[in-house]
Amino acid sequence: MGDVIDALIDDVTVDAYDEYEQLWSFRQAFDDMARFPFRATVVGAEVTVTGVDFDGDERRGLVARCQRAGESYMVSILDITPAGPLALETNQLIDAYRRWAGASALHTAEAQPTTRWVYPRIGSDDIDVGEPLMLTPHGEWDPTSEYWGEPGEPLHPLCRTTIAAGPRPCFEMEQVIPGADEDDWDSDPIIDAADLHHAGQHRAAIRLLEAELAADVRCIDAWGHLGLIAFNTRGPGPASDFYRSGIAVAEASLPAEFGGVLPWGMIDNRPFLRCLHGLGLCAWRQRRWDDAEEIFSARVWLDPAGAFSDLACLDMVRARTRWTRA
């Protein structure tokens, strides 16, 4: 795997043909990727960095918009030192700009964030799951063995972050579907409910899904399909309740401080991943931007190589683009 910082520089400057355009590209990258505000020091004085700008002066380069004691200042990015942990993407982008400008990387321990990710608990806390679902280990997920696009293609910043985190343990979550016959695909009640929903027979679909949950509340797919029906017919509020219940079932099976991978390619992981995606759509539709970003980011971390639609949603959420029905 190549150097992450060099790859980031290449991604930022790929379409820029001179130093002036490269500076504008870096400025846009800070707008798109960096998390503000953050605390920093400038010649020993603590400031709050609220953003990055470029005024066209190539010799000065990028400047940080800083605030201190109610006053605003513009200071070269090369003169700021973060005073606390940064979001990984922000730290990498600062290091990329410093390397591009010929300055040394930030080496302070405080400024170097960990690349270890821990799953944030998102689900409902008012459901009694009972016996947790089983998690079957499948060795390690190695990001270097995944396909991330053709050489030279831009790589999403969050993908770079998950790659930088290195190999992580890989699992498949047990799926419970009462009444399903593994040897008979035509006996799946979830598929029957989905067919009813697509045919416009929502009440019949809901009754079938509720019967599944009455038999076993751990049927995550039933929660997810109830969420989908509610999302399409009643709105994001009712849908969120169903999705959170399905997520709570999955979370009851995850150990504390879980940081592993649940790939989409392992079919039994899909109900949980679909519930996360659905809840992210609900938060986006309600313009709960921070919640939506957290949910879509978690979905990507759980399945970095298979979460392309979630990356697209994440970008639109970060750009504060309103949800619209496709």
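Go through the range 56-95 and give me each residue that's of a type outside the set (S, T, N, Q) and part of a strand (DSSP E or B).
Step one: list which residues in the range 56-95 are of a type outside the set (S, T, N, Q), which gives 56-66, 68-71, 73-75, 77-80, 82-89, 93-95.
Answer for the range 56-95, where residues must be of a type outside the set (S, T, N, Q) and part of a strand (DSSP E or B): 63, 64, 65, 66, 68, 71, 73, 74, 75, 82.
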*In the range 212-229, how many residues are hydrophobic (A, V, I, L, M, F, W, C), out of contact with any Phe, Trp or Tyr (no Cβ under 9 Å at 6 or more places or on another chain) and part of a loop (DSSP other than H, G, I, E, B)?*
1
*Identify, from the list 326, 283, the residue that is of a type in the set (Gly, Ala, Ser) and modelled with pLDDT of 95 or more.*
283
*Those residues of the range 34-76 which are touching a Leu at 6+ places or on another chain (Cβ under 9 Å), of a type outside the set (D, E, K, R) and closer than 24 Å to residue 19 by Cβ, in sequence order*: 34, 52, 54, 56, 61, 62, 76
*Would you check which residues across the range 160-211 are of a type in the set (Phe, Trp, Tyr) and surrounded by fewer than 20 Cβ atoms within 10 Å (Cβ to Cβ) and list them?*
185
*asked:* Can you tell me which residue is farthest from residue 269 (Cα to Cα) among those in the range 123-160 that are at pLDDT 90 or above and assigned to a loop (DSSP other than H, G, I, E, B)?
replied: 132
*With the condition kept exactly as written, say whether any residue in the range 18-32 is out of contact with any Asp or Glu (no Cβ under 7 Å at 6 or more places or on another chain), modelled with pLDDT under 90 and not charged (D, E, K, R).*
no
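The values are calculated or read from the model by the stated rules, or taken from the named source; none is laboratory data. Bear in mind that the values here come from a model prediction, so they are computed numbers and not experimental data. Positions of Cβ are backbone-derived with ideal geometry, glycine not excepted, and every protein chain shown enters the neighbour counts.
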